[in-house]
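The values are calculated or read from the model by the stated rules, or taken from the named source; none is laboratory data. These numbers were taken from a predicted model, which means no experiment stands behind them. Neighbour counts run over all protein chains shown; Cβ positions are idealised from the backbone, glycine included. The area values use the complete protein model at the heavy-atom level, side chains included, leaving out ligands, DNA and RNA. Shrake-Rupley method; radii C 1.70, N 1.55, O 1.52, S 1.80 Å.
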Amino acid sequence: MNRGLILKFENLVQLRGVCRQLRTLSYRKVNRAQWKPVQLSAHHVYPQFWQKDKYISIALSQHRHLATKEETKKKKKIPTTRGEVEIRQKMTVEELAQAMGKDLDHIYEALLYTDIDLDSLEPDSVLYEDHIKLIVKKSGMKYKSAKLKEEKERENTDAVKRPPADPAVLTPRPPVVTILGHVDHGKTTLLDSLRKTQVASMEAGGITQHIGAFLVHLPSGEKITFLDTPGHAAFSAMRARGTHVTDIVILVVAAEDGVMQQTIESIQHAKNAGVPLILAINKCDKPEADPERVKKELLAHDVVCEEFGGDVQAVNISALKGENLMVLAEATVALAEVLELKADATGLVEGTVIESRKEKGRGPVTTAIIQRGTLRKGCVLVAGKTWAKVRFMFDENGKAVDAASPGIPVEIMGWKEVPSAGDEILEVESEQRAHEVVAWRTYVEQQEKMKRDVEVIEAKQKEHRMEYEKKQQKLAHLTWRQRKAVLYKANKHQMFYKPKERTEMDKNVLSVIVKGDVDGSVEAILNILDSYDADDECKLDIVHFGMGDISETDISLAEAFNGVIFGFSVKANESIKRLAAKKGIKIKLHNIIYKLIEDLKDELNSRLPPSVVENTIGEASVLDIFSVTVGKNKIPVAGCRVQKGLLDKKMKFKLIRNGDVIWKGFLSSLKHHKDDVQVIKTGMDCGLSLDKYIEFNIGDAVICYEEKEVQQTTSWDPGF
């Protein structure tokens with residue numbers, strides 16, 4: 001094509017772009033003097049070598065002329081903001097101009113060299129954070145994220161505890177006693193003997209899976225509220241929660257086992273809560289029992305029994321045979337009398353959620369300890385971000401009760417949602433007041449989440465900006481064409497993948513859905529999963545968690561995320577199982593927590609790619625080197641002797657020199673006494689050549705090996 005025609009075509013394209021900018025600037029003169037386009041003479045249409053900057057300078061001169069023509073007298077001066085400009089993630093052009101103390105023309109000028117289409121830009125058009133920051137920087141100013149001001153404007157409508165009661169209205173209450181100790185040291189058997197029920201026989205594998213609250217009536221007429229906590233390592237949060245609502249801790253230690261891991265943890269929980277201890281040395285009926293050893297071991301953990309000059313009562317018992325249980329109960333009552341436990345049984349109710357769950361046909365149910373006031377049917381309660389109008393109350397035996405006074409454990413029905421274990425229960429005056437409290441707490445949580453999100457977003461943006469600047473510095477010496485070529489080569493292997501496929505390409509993912517029977521069980525499982533630290537091997541993604549049996553919603557989520565459903569002490573009916581089988585969804589149901597975690601580890605292992613392991617078959621040393629001529633090519637040949645194993649021509653080989661592998665591949669020939677062979681055994685001599693031109697050295701080692709795929713196992717250790 002003629003060079004003159006090319007130049008004319010380029011000039012026309014440039015002229016068209018400038019005209020669009022001039023038309024855009026003229027359109028912006030809203031409520032201003034009418035702009036008249038500049039009449040270009042005919043000789044301007046085909047200039048010889050016009051630069052784009054000339055057109056832009058014409059546009060800007062017209063632009064400035066319009067901004068200062070008739071309005072300079074009427075227009076008020078906009079105060080310029082010096083220092084930092086408060087910005088948000090989204091702002092209109094007009095809002096940004098006001099925040100910066102500039103007019104709209106300034107914003108349009110700053111956007112001239114960006115990728116924003118000025119033709120479609122209006123004063124109420126929304127600008128996003130990247131462009132907002134660019135405009136502020138171009139203006140020689142700094143920016144900062146706007147603070148959330150709504151929190152100060154909104155009135156706090158939360159419910160709070162009442163002031164301390166008048167000592168004159170306080171009445172005695174039953175002590176709340178938490179039983180702590182290691183797995184299988186006899187905590188549940190002790191309670192079973194006290195309550196004369198068969199709780200222990202119903203538990204999975206002899207391990208308490210939930211926290212339970214029971215009221216025990218002693219022959220003397222005294223009442224004691226017992227909290228039975230799980231001793232397994234997974235339920236640390238439950239044990240800690242039990243100590244925060246308790247008055248006395250009974251530490252159960254097996255006489256034949258002594259101090260164990262959860263024993264030490266239980267002592268620490270009691271110390272943190274400032275709760276006094278009573279030591280119950282269980283299984284003293286066994287021949288190998290050694291109570292004195294237990295007392296001495298506890299000295300190392302600052303638990304000093306009375307016989308050693310301390311203040312901790314120690315009682316030797318046999319929970320299975322019922323020996324000395326009344327002595328333990330009397331020791332508990334005596335300590336409770338010393339503590340002078342009293343409470344206010346009047347006024348609005350205060351308490352703590354010990355455990356919560358969702359039951360079919362009953363809805364959300366909580367086990368709670370009342371700490372102040374008297375709970376009755378019809379009371380309106382608030383806990384966390386949910387509320388309840390009490391419909392029914394039950395004791396630990398499932399018998400309906402009309403009232404629950406301080407220190408009494410009770411099951412409560414009537415909750416709108418399942419509260420979290422450990423939430424504080426407060427009674428409010430009406431349902432309307434309950435709605436206000438829940439709305440306020442939800443609002444506060446949202447505000448806190450927004451603040452955290454802003455911090456995370458800013459940190460990510462800073463990280464991405466630093467990465468981008470590093471990449472730009474590496475490419476700074478290149479022209480823009482060279483930079484495009486480099487970036488294309490770096491990313492072309494991902495160009496034909498869909499976004500979902502690109503993320504799956506980077507790492508394996510195990511998506512899980514966790515369902516449990518009660519809130520504490522789900523909490524324990526999630527706490528274990530929080531310790532997962534092998535994302536570089538396989539990413540663990542918790543898609544959903546909740547309480548109740550497996551539902552169709554869980555199946556749909558598992559199908560959408562290609563996940564696995566793990567259920568703890570829950571069921572899946574036959575229709576759900578058939579639906580899961582039809583859609584290829586795995587449902588893993590367990591009653592013992594460590595078996596669930598082992599199953600989850602197996603699923604993680606199945607997601608890991610197999611590792612390739614080299615299995616050595618034979619090894620030979622190079623004793624002599626020579627070459628043979630094949631056509632016009634000289635091929636190096638090594639004279640070798642097999643030192644161990646055998647050399648099989650079908651297998652892979654590698655050449656090792658001074659401890660370094662310098663070649664891997666296959667043999668092109670293997671001879672014994674000038675005959676082609678497939679296998680050379682130990683002690684035999686042979687000549688061999690490689691499938692690639694490599695010079696041999698005397699003393700090189702030739703290794704024959706095979707590659708086997710071995711399934712990898714995750715490095716994650718849940719701690720039990």
Original post:
Which residues, taken from segment 357-370, are more than 16 Å from K161 (Cα to Cα) and part of a strand (DSSP E or B)?
Top reply: R357, K358, E359, G363, P364, V365, T366, T367, A368
Original post:
So which helices (runs of 4 or more DSSP H) are wholly in segment 443-544 and hold at least 3 residues that are at pLDDT 80 or above?
Top reply: 519-530
Original post:
Of V679, V710, V702, which residue is open to solvent by 40 Å² or more (accessible area, probe 1.4 Å) and either hydroxyl-bearing (S, T, Y) or farther than 30 Å from S606 by Cβ (or both)?
Top reply: V679
Original post:
Across segment 680-702, what is the total count of residues that are part of a loop (DSSP other than H, G, I, E, B) and either in contact with a Ser or Thr (Cβ under 6 Å, 6 or more places away or on another chain) or of a type in the set (S, T, Y) (or both)?
Top reply: 3
Original post:
Has segment 328-350 got any residue that is assigned by the TED database to the domain that holds G186, over 30 Å from E427 (Cβ atoms), open to solvent by less than 10 Å² (accessible area, probe 1.4 Å) and β-branched (V, I, T)?
Top reply: no
**OP:** Check whether at least one residue in segment 384-391 is closer than 22 Å to R162 by Cβ, open to solvent by 10 Å² or more (accessible area, probe 1.4 Å), of a type in the set (F, W, Y) and assigned to a strand (DSSP E or B), and report yes or no.
**Re:** yes
Subject >> Exclusive hit being surrounded by 14 or more Cβ atoms within 10 Å (Cβ to Cβ), assigned by the TED database to the domain that holds K515 and not basic (K, R), set L667, L604 >> reply: L604
Original post:
Which of the residues belonging to segment 371-383 are small (G, A, S) and not in a strand (DSSP E or B)?
Top reply: G373, G378
Subject >> Selection within segment 571-587 - buried (at least 16 other Cβ atoms within 10 Å of the Cβ) and either among the small types (G, A, S) or touching a Ser or Thr at 6+ places or on another chain (Cβ under 9 Å) (or both) >> reply: A572, I576, A580
Subject >> So V259, is it open to solvent by less than 50 Å² (accessible area, probe 1.4 Å), within 23 Å of M326 (Cβ to Cβ) and β-branched (V, I, T) >> reply: no
Original post:
Just to be sure, is S627 open to solvent by 50 Å² or more (accessible area, probe 1.4 Å), closer than 28 Å to W716 by Cβ and modelled with pLDDT under 90?
Top reply: no
**OP:** Considering only residues that are assigned to a helix (DSSP H, G or I) and of a type in the set (A, V, I, L, M), look in segment 422-439 and name the one that is most open to solvent (accessible area, probe 1.4 Å).
**Re:** A439
**OP:** List every residue pair whose Cβ atoms lie under 6 Å apart, where the two residues are 6 or more positions apart in sequence or sit on different chains, the first residue falls within segment 579-607 and is on the phi < 0 side of the Ramachandran plot, and the second residue, located anywhere, is open to solvent by 20 Å² or more (accessible area, probe 1.4 Å) and among the aliphatic types (A, V, I, L, M).
**Re:** A580/I587; N591/A204; I592/A204
